[in-house]
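See structure below.
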Amino acid sequence: MTTQSPSIAPSGEPWRTTTLASFPPLERWDDWVEYDPSAWPRKVERRYALVPTICFNCEAACGLVAWVDKSTRRIQKLEGNPYHPGSRGRNCAKGPATLNQIHDPQRILYPMKRSGPRGSGAFERTTWDEVVATFGARIRKALVENRRTQVMYHVGRPGHDGAMERVLQAWGVDGHNSHTNVCSGAARLGYALWSGGDRPSPDHANAKFILLLSSHLETGHYFNPHAQRIIEGKMKGAKIATVDVRLSNTASMSDWWLAPYPGTEAALLLGFAHVILAEGLEDTEFLRNWVNWREYMRARGQTPDFAAFRAALVDQYQHYTPEFVAAECGVDAQTVLAIGRAIGAARGAFASHVWRSAASGNLGGWQVARCLQLLNVLTASVGTQGGTALAGTNKYVAKRWNPPPAQDVWSELLYPPEWPLSHHELSFLLPHLIADGRGVIDTYFTRVYNPVWTNPDGFSWIEMLGDESKVGLHACLTPTWSETALWADYVLPMGHATERHDVMSQETHAGRWIGFRQPIGRVLAERDGKTVVATHEVNPGEVWEEDEFWIALSWAIDPDGDLGIRKYFESPYRPGERLSVDDQYRWMFENSVPGLVEEAAKHGLDPLGYMRRFGAFAVPGDTLTPHAHTAPTEGAERNAAEGIWTKDGKTVAIDVAGAPCAGFATPSKRLEFYSPTLVEWGYGDEALPGYIQSHLHRSRLDTARGEIALVPTFRLPTQIHTRSANSKWLAELSNTNPVWIHPTDAAQRGVKSGDLIRVSTRIGHFVARAWVTEGIRPDVVACSHHMGRWRIDIGASTPGAVDAQARSSESLGADRWSSAPVRVEHHAPGQWRVRRTGDVGPFESSDPDSSRVFWSAGGVHQNLAFAVQPDPISGMHCWHQVVTVEIAHGEDRFGDVEVDTTKARAVYLEWLELARARRAAAPPTDLHRPEWFARAVRPSAKAYRKRTS
Amino acid sequence: MQFGFAIDQRKCIGCHACTVACKAENDVPVGSFRTWVQYTEKGQFPAVKRHFTVLRCNHCDAAPCVTICPVNALEKRPDAIVDLDRDLCIGCRACMQACPYDALYFAEDKGVAEKCHFCAHRVEVGLEPACVVVCPVQAIVSGDTSDPTSAIAQLIAAEPTTRRRTEKNTGPRVWYVDPLVEALDPARVQEPEAYLWSDRAAFDVPPPVVPGFEPDEHVVRTLDAPHKPAWGWHVWTYLVTKNVSAGAMMAAPFLALLGVEPGPLRDLGPEIAALGFLAVTGALLTHDLGRPERVWRLLLAPNTQSWLVRGAWVLTAFGGATFGALVARLLGAWAVADLLRWIAVPLAVLTSGYTAWLLAQCRGRDLWLERGIFTGLVLRAGVFGAALALLFAGAAAPFAGVAFLALSLATAWHMNRERTAKASNTLSARAHAMLWSSVARRTPAWIAIGGLVGLGASLAPSLPVLSFAVAVGAVVLSSVGQFIFEREFVRAGQAVPIS
């Protein structure tokens, strides 16, 4: 049987397929006709409206276009947005999987209020009016009573730039808590010390050599935009080296896979520096112009002479020979030499990136980022084509209307004095900081944040969240149930990527852009000429968007404006009236995005209309070399010997080739190889990029006891930390987390692939399966953190029996696509166990796919068994664990996690003592933190100073 | 216009964006895939790498799925796309056996097969397939290979490429740039019980390693999509019931010779048995279809190339002749009935044996492509025929016993010969080894012993009840042996991974 080749497209035009397009032309986005794939080859026309938004799965904020069936108004699929400068129309698996999250049969559609004891799983539906009134009154009371550190907003993925800063500062609270110190805090400190910018922005596409710490091709911070450009660079001839203890996809695609013993990465990087310096491959002009070598020489008590500096530099890294590196790191000396030379040869075009991995795993990990950036500095690959720029230049944060003043308070629950340099809040210590008596929380919002599951020591979080004297009222803002939502008083459904407004920008490449997330239903209704007052009118169920929640809540806190809060939530266009989201973004796009007004006009659109239509905008301007721009020197004084311009005692410009340049965001305006800040704050022994032996350095392991290093942090290409349990297509591809172990280590322990093993930490143990593989270095085991989602088997769990009628379902917690039912057992103070009562498996729902779940393991929740290990300087949780691995005991069951939180407390106190000991030697200061250091929701200058009274 | 895909494995990062974009575009059920990414790890630490291969329909120039589809639900379009019409599909799943690339799956809720159709519904409005658009690294190139200026034609011209399983002579239209060669050869890859971050489905258990067919030592499949076996108990049961039916009519003209006394058993027994088992056969085949209500398409909208269709013709002719013989006998037209019995013999041979030609169209199942299947099927049908004669004859029927023994021994000898035959390729050899390391290896002996016991029973006239019981036992042993053999043969054929 044959059919005629079609010759007429549904548009009525001749059908041409000589060149297929990736996307429908923009002018047809309101009404694109395509054949229904479910009816094919019957040619049933389906009319789509295409609306751009941005992804809310990882932090990259890639462009998405929602394809909405115009007859059903259902979002049928999500493809890329060709107008998005970062993602360029392409996506990773998580982009199209957004569809699952939108149509997840288990998503939360209505605000829920606890109806039993915390953690019991008993919830009942409530109204948004009740929610807003309850929280408004409570926060108002806290503000009136000047309890401005007791209102806390704790966020995992912000998903926007600047939105919450405005809200919290309008309230005048110091209450922004984040997740960075279980994530990127260490690398941020390392980068910030160099340049003031706490994020790297490599230009992979133009690099000649790319050095990646961990798996930036398949899971990194901005995986899709980075992968595009890394491969682009590779196809243009760039060489790639990847550092990772386990074989990642990235490592596999690299010219070199280096698997140093974990915690020795800084030594490896200094080995490359050694080769570069020993062979004279560094760029002396760049160093002379842009590095604060004069400060360093003076600190050494020497006159600032560049030749002497060079000699000192060589001397500093003299002993990091390839042979030393080979012995310390377990990496072949010839390879170190070859890569060092290749990095040197790539001069100006050396792109590198560390974000978590080694920096986040190890005590002293922050020095890894510093040592990595040293290589960029030595090869003059900072702010160059093919080099690594800093976030400040490639990320554009648009201003918002009527910014409130900075808050005048400082919360030591967020920034405790033991870690003054942390980037940023010591969020994962919260249960311990409260147990220390440093404060309590009156009103607590967790948002896109699942500390019970994500953070180490989750049982301590459960203990804190379950205690109403510590956390007065807790609202979990989330589109989906989670292990943390179980312990909340209110669970408030917030929109997915297609149900909310946000503006985001990320340093994905050499260039800058903003992306606009928008509620699809609202945009379509407005295209049809309907008026939408609030997004929840068009969202599924009663799902709100946060912008509108915070505006409504702020009005509830200050209904009459007497607290001075309401005015920040009034319209710039309709004085005295409530701010709308349209007002908010209209003002932003009209007033604070350079070039947008003009570009919009070219298309006959206003700026908001342009962003609604295109979903993204490339912000023009030089993003590579702002440091080389001429700086204004009016009223400044030139110090020729130092090559600087100063004003009011502060350096405002630096002389480079005879011209005053803006320089970098450090006090010296130069790249700070030598950090006076570290010296001032008592960490003078770490003033230079260096190597700190990790807490799991071989010398600290009792190998006779069978101790081995566990790397518990690796990510999978198709998961998003805690937030992808609601995607069936992602769960189907990755659904368990066996412990990777090299055949020699496995043989020593009598372990075979698939065996049940017990992994013991200092506070307990977990029971997993073994994956014996050549894809990991010996002496290390590794386990992905993405798995081990659970939901409580209600009634089978303590605490508190629940009236059967109060149960909203038989189990509650993480989505069933990925979670196993468990019993949470609390036998005695501090004694906790999670034991599975079943497997992941098929279930009944409105989605027929739920009956097709073929996977069962679901993995193990290892983070529960980890004590907190805050780095004494960066405050970053040192994720890697010293563990023992053995065949499971007779009573062990797969997925068991058993913990003693009294031991967890003891470990916290040990690490606290490490930090205190470091601070003890510091000179006195009246500052909470160096003033030039960034802080999320930065308080006033006054608040940076400790109250002396 | 000749569409094709090129997959540039120099660029592919194994991110599965294509997999998920395809699922979203085409609403592919959980557990099934139109395109998927395999991970294969080769080497030993630290010289080890993970390799990715993106697998999907090859839109073959000589597509075996199109040939085997009995109802023309699959077609090769003029633009080289192999498309599937779900409204025509009857859900027989033969295409899944014909495809050497595991490219089709059975959508259970719809009762039909589905596959990559090059997003023809997009292509026809001028858009690239969904997997192409989404790929972060543009590793999937689609286009017109007949246009030398197209990106795909230029890539294929500029770089050395590999295609999957070209020995199948299907003319695959997916070109791989720089793949791991071992990864594309399922015979060389170790299959673990679970993958590096996913479970294996219960229906996707890895096949046992067969001595002599060990995969390469340090080449391990570490991630793959599950593939459910297409055919199950309906099919191996149908092989048995069809052979009983055929055997009955093979034996029918010879019953007198074999010592069956005149009477209804001799005159009507074979036809009744044949028609009864043929009805069961038809019921099994129909019940096995995903869309049994469309079974009429086999006869009224047939693809005459398909041996499913030709088989249906054979069964119809065979059933017609048999039914005719029965009716003629009942009407007293004995000569006509006898003539029809003779006509039914070759039809019975075809009824038993045509399955060999159907299996020969299952180009994805190397075990089923081997020689000797026709002979084996017909011999086994003959055993059933002789068994029928033995039972109909009751005691003291040495000729029936001798015939039963002779056919049983011939069958056992033939099976044994197949067991020791050299397979024509590695996958076949592996399936062959799996078959003969399963319980199937005992079945020739059961059949032979059945033959011997049957002969013994036929030689013991003094104890008619006991000897009949022994004969029944012999037939049961032989039949169970046959049933188990067919089952293992169908299972082993599908157990070896082909992708």
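The values are calculated or read from the model by the stated rules, or taken from the named source; none is laboratory data. In this text, all values refer to a predicted model and were calculated from it rather than measured experimentally. Neighbour counts run over all protein chains shown; Cβ positions are idealised from the backbone, glycine included.
All of (1) in contact with a strand residue (DSSP E or B) (Cβ under 7 Å, 6 or more places away or on another chain); (2) aromatic (Phe, Trp, Tyr); (3) away from chain B (no Cβ under 14 Å) hold for A:TYR691 with one exception: (1).
Restricting region B:221-245 to residues that are of a type in the set (Gly, Ala, Ser) and under 30 Å from B:ALA386 (Cβ atoms), the residue that is surrounded by the most Cβ atoms within 10 Å (Cβ to Cβ) is B:SER245. Pairs meeting the criteria (first residue in region A:441-468 and on the phi > 0 side of the Ramachandran plot, second residue not small (Gly, Ala, Ser), beta carbons under 6 Å, at least 6 apart or on different chains) are A:VAL448/A:ARG157; A:ASP457/A:VAL868. Give region B:443-473 a look and list any residue that's exposed (fewer than 15 other Cβ atoms within 10 Å of the Cβ) and touching a residue at least 40 places away in the same chain (Cβ under 8 Å), or say none. Once the filter is applied, which keeps residues that are exposed (fewer than 15 other Cβ atoms within 10 Å of the Cβ) and touching a residue at least 40 places away in the same chain (Cβ under 8 Å), region B:443-473 yields B:LEU459, B:PRO461, B:LEU463, B:PRO464. The residue that is nearest to the other protein chains (Cβ to nearest Cβ), counting only those in region B:34-58 that are in contact with a His (Cβ under 9 Å, 6 or more places away or on another chain) and assigned to a loop (DSSP other than H, G, I, E, B), is B:PHE45. Taking the numbered list (1) over 20 Å from B:LYS168 (Cβ atoms); (2) surrounded by fewer than 24 Cβ atoms within 10 Å (Cβ to Cβ); (3) aliphatic (A, V, I, L, M) in turn, B:ALA62 passes all entries but (1).
Evaluated against (1) over 30 Å from A:PRO594 (Cβ atoms); (2) part of a helix (DSSP H, G or I), A:GLU542 falls short on exactly one condition, (2). Inside region A:422-448, residues that are crowded, with 22+ Cβ neighbours inside 10 Å and in a loop (DSSP other than H, G, I, E, B) make up a count of 6. Quick check: anything in region A:822-834 in a loop (DSSP other than H, G, I, E, B), out of contact with any Lys or Arg (no Cβ under 8 Å at 6 or more places or on another chain) and farther than 30 Å from B:LYS110 by Cα? Looking for residues that are in a loop (DSSP other than H, G, I, E, B), out of contact with any Lys or Arg (no Cβ under 8 Å at 6 or more places or on another chain) and farther than 30 Å from B:LYS110 by Cα, one finds at least one in region A:822-834, hence yes. The single condition from (1) at the interface with chain A (Cβ under 8 Å from one of its Cβ atoms); (2) among the hydrophobic types (A, V, I, L, M, F, W, C); (3) touching a Cys at 6+ places or on another chain (Cβ under 9 Å); (4) within 23 Å of A:ASP36 (Cα to Cα) that B:VAL137 fails is (4). Put simply, of A:ARG188, A:ARG199 the only residue that is more than 14 Å from chain B (Cβ to nearest Cβ), at pLDDT below 95 and within 22 Å of the chain's Cα centre (by Cα) is A:ARG199.
Filtered by the rule that a residue be in a helix (DSSP H, G or I), surrounded by fewer than 15 Cβ atoms within 10 Å (Cβ to Cβ) and free of Cβ contacts under 8 Å to residues at least 12 places away in the same chain, region A:299-341 gives A:ALA307, A:ALA308, A:ALA311, A:ASP315, A:GLU323, A:ALA327. For the criterion of being within 14 Å of another protein chain (Cβ to nearest Cβ), under 30 Å from A:TRP67 (Cβ atoms) and among the small types (Gly, Ala, Ser), B:SER150 passes. Taken over region B:176-201, the criterion of being farther than 29 Å from B:THR161 by Cα and without any contact (Cβ under 8 Å) to a residue 40 or more places away in the chain is satisfied by B:GLU193, B:ALA194, B:TRP197, B:SER198, B:ASP199, B:ARG200. Residues in region A:603-638 that are under 19 Å from A:ASP30 (Cβ atoms) and without any contact (Cβ under 8 Å) to a residue 60 or more places away in the chain: A:HIS603, A:GLY604, A:LEU605, A:ASP606, A:LEU608, A:GLY609, A:TYR610.
For every residue, the table says whether it meets (1) of a type in the set (Val, Ile, Thr); (2) under 30 Å from A:VAL33 (Cα atoms); (3) touching a strand residue (DSSP E or B) at 6+ places or on another chain (Cβ under 7 Å); (4) modelled with pLDDT of 95 or more.
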residue: B:MET96; (1), (2), (3), (4): no, no, yes, yes
residue: B:CYS119; (1), (2), (3), (4): no, yes, no, yes
residue: B:ILE152; (1), (2), (3), (4): yes, yes, yes, yes
residue: B:ARG173; (1), (2), (3), (4): no, yes, yes, yes
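When region A:691-711 is filtered for residues that are in a loop (DSSP other than H, G, I, E, B) and in contact with a Pro (Cβ under 9 Å, 6 or more places away or on another chain), the ones remaining, listed by number, are A:SER694, A:LEU696.
Just give me the residues in region B:65-83 being surrounded by 24 or more Cβ atoms within 10 Å (Cβ to Cβ), closer than 18 Å to B:TRP357 by Cβ and more than 10 Å from chain A (Cβ to nearest Cβ), in sequence order. Selection gives B:CYS65, B:ILE68, B:PRO70. Could you tell me whether any residue of region B:397-417 is of a type in the set (A, V, I, L, M), closer than 28 Å to B:PRO211 by Cβ and either at pLDDT below 95 or assigned to a helix (DSSP H, G or I) (or both)? Yes, some residue in region B:397-417 is of a type in the set (A, V, I, L, M), closer than 28 Å to B:PRO211 by Cβ and either at pLDDT below 95 or assigned to a helix (DSSP H, G or I) (or both). Contact map, region A:701-729: first residue within 14 Å of chain B (Cβ to nearest Cβ), second residue of a type in the set (A, V, I, L, M, F, W, C) and not in a loop (DSSP other than H, G, I, E, B), Cβ cut-off under 7 Å, separation 6 or more or different chains; pairs are A:PHE714/A:ALA782; A:THR718/A:LEU730; A:THR718/A:LEU733; A:GLN719/A:LEU730; A:SER724/A:LEU730; A:TRP729/B:VAL20. Every condition in (1) within 23 Å of the chain's Cα centre (by Cα); (2) farther than 22 Å from A:ARG852 by Cα; (3) more than 11 Å from every other protein chain (Cβ to nearest Cβ); (4) modelled with pLDDT of 95 or more is met by A:VAL767 except one, and the failing one is (1). Only one entry of A:ALA327, A:ALA380, A:ALA359, A:ALA311 meets the criterion of being farther than 17 Å from A:HIS274 by Cα and not aromatic (Phe, Trp, Tyr), and that entry is A:ALA359. Between B:ALA120, B:ALA107, the distinction of being of a type in the set (A, V, I, L, M), facing chain A (nearest Cβ under 7 Å) and surrounded by fewer than 24 Cβ atoms within 10 Å (Cβ to Cβ) belongs to B:ALA120 only. Name the residues in region A:917-949 that are in a loop (DSSP other than H, G, I, E, B), small (Gly, Ala, Ser) and surrounded by 14 or more Cβ atoms within 10 Å (Cβ to Cβ), would you? A:ALA922, A:ALA934, A:ALA936, A:SER940, listed by residue number.
Residues that are touching a residue at least 24 places away in the same chain (Cβ under 8 Å) and either of a type in the set (Val, Ile, Thr) or assigned to a helix (DSSP H, G or I) (or both) within region A:513-525 comprise A:ILE514, A:ILE520, A:GLY521, A:VAL523, A:LEU524, listed in sequence order. Evaluate the following for B:GLU124: is it of a type in the set (Asp, Glu) and either more than 30 Å from B:GLY232 (Cα to Cα) or over 31 Å from the mean Cα position of the chain (by Cα) (or both)? For B:GLU124, the condition - of a type in the set (Asp, Glu) and either more than 30 Å from B:GLY232 (Cα to Cα) or over 31 Å from the mean Cα position of the chain (by Cα) (or both) - is met.
When the residues of region A:770-797 are filtered to those that are closer than 27 Å to A:GLY330 by Cβ and acidic (Asp, Glu), the one that is modelled with the lowest pLDDT is A:ASP779.
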